[in-house]
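The values are calculated or read from the model by the stated rules, or taken from the named source; none is laboratory data. From a predicted model like this one, the values you see are computed outputs, not experimental measurements. Backbone-built Cβ (ideal geometry, glycine too); neighbour counts: all protein chains shown. These accessible areas exclude ligands, DNA and RNA; they are computed on the full protein's heavy atoms, side chains included. Shrake-Rupley method; radii C 1.70, N 1.55, O 1.52, S 1.80 Å.
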Amino acid sequence: MKLVSAVIKPFKLDDVREALSGVGVQGITVTEVKGFGRQKGHTELYRGAEYVVDFLPKVKLEIAVSGDQVDRVIEAISSSANTGKIGDGKIFVYDLEQVVRIRTGETGADAL
């Protein structure tokens, strides 16, 4: 079992959700986050004063999947979140040792 974590641009969330549904993902967790990578933020003008926005708004997705779904999930996220511009995001894959469904007590792949 794997945990796929992706940080993407907020306006791409609906596209990514549809792509993940298309490859059979049953559930995702979405968190609004802030951060920066190579783009290092940007400057904005507000009421005549210029200020630096160091942390840009992003969306973090967490998807728990079985090992055989990982490549399809990565491809779905990559293709649907890609704008070709800096700041498109990153995908991380972690090993999951154990999953427990609280309601039923199911464990392992059955809990996914």
> Looking only at residues in segment 14-49 that are acidic (Asp, Glu) and modelled with pLDDT of 70 or more, which one is least open to solvent (accessible area, probe 1.4 Å)?
Replying inline: Asp15
> Considering only residues of segment 62-111 that are in contact with a Ser or Thr (Cβ under 6 Å, 6 or more places away or on another chain) and not β-branched (Val, Ile, Thr), which is most open to solvent (accessible area, probe 1.4 Å)?
Replying inline: Phe92
> Of the residues Ser66, Ser79, which single one is touching a Leu at 6+ places or on another chain (Cβ under 7 Å) and either free of Cβ contacts under 8 Å to residues at least 24 places away in the same chain or of a type in the set (S, T, N, Q) (or both)?
Replying inline: Ser66
>> Just checking, does segment 67-78 include any residue being at pLDDT below 95 and among the charged types (D, E, K, R)?
In response: yes
> Are there any strands (runs of 3 or more DSSP E) wholly within segment 33-112 with 2 or more residues that are over 11 Å from Met1 (Cβ atoms) and among the basic types (Lys, Arg), and if so which?
Replying inline: 56-65
